[in-house]
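Peer 1: Just passing along the structure, written as structure tokens.
Nothing in this text is a laboratory measurement; each read-out follows from the coordinates by a stated rule. Here the structure is a predicted model, which means the values were calculated and not measured. A quick note on method: Cβ atoms are made from the backbone with ideal geometry, for glycine too, and the neighbour counts reach across all protein chains shown.
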Amino acid sequence: MKRALLGITGAALLFAAPLANAAQQNDLVVNGQVIQDLVGCVQVADNPDELSVENNTDRVVNVYLDAQCQGDAVAVLQPGESRSITGSAVAAV
């Protein structure tokens with residue numbers, strides 16, 4: 001019984017790891033939420049809030065306080081850069 005359980009657990013881990021990595025390649029991750037194919041302005045919070053942003057794309061990503069990406073960006077993340085920043089929306093440049 002223990003061997004069967006270990007085999008099932010091991011197989012689940014083998015399949016889960018590649019799926020988790022695949023979800024993050026070329027995507028933007030904001031507070032753990034994966035945003036695929038970022039186009040235009042995407043509101044990620046109702047009001048400016050602390051965001052954990054991981055730019056796994058090949059594009060520059062701007063973070064805005066305004067939910068409609070109006071005004072100046074409060075942060076500019078280069079491809080591969082991660083940062084915690086206060087904001088409510090993101091947009092790829």
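Peer 1: At VAL39 and VAL74, where each label point lies 7 Å from the Cα along Cα→Cβ, what is the point-to-point distance in nanometres?
Peer 2: 2.8 nm
Peer 1: Counting only other residues whose beta carbon sits under 15 Å from that of ASN55, what net charge do I get with K and R as +1, D and E as -1?
Peer 2: It works out to a net charge of -3.
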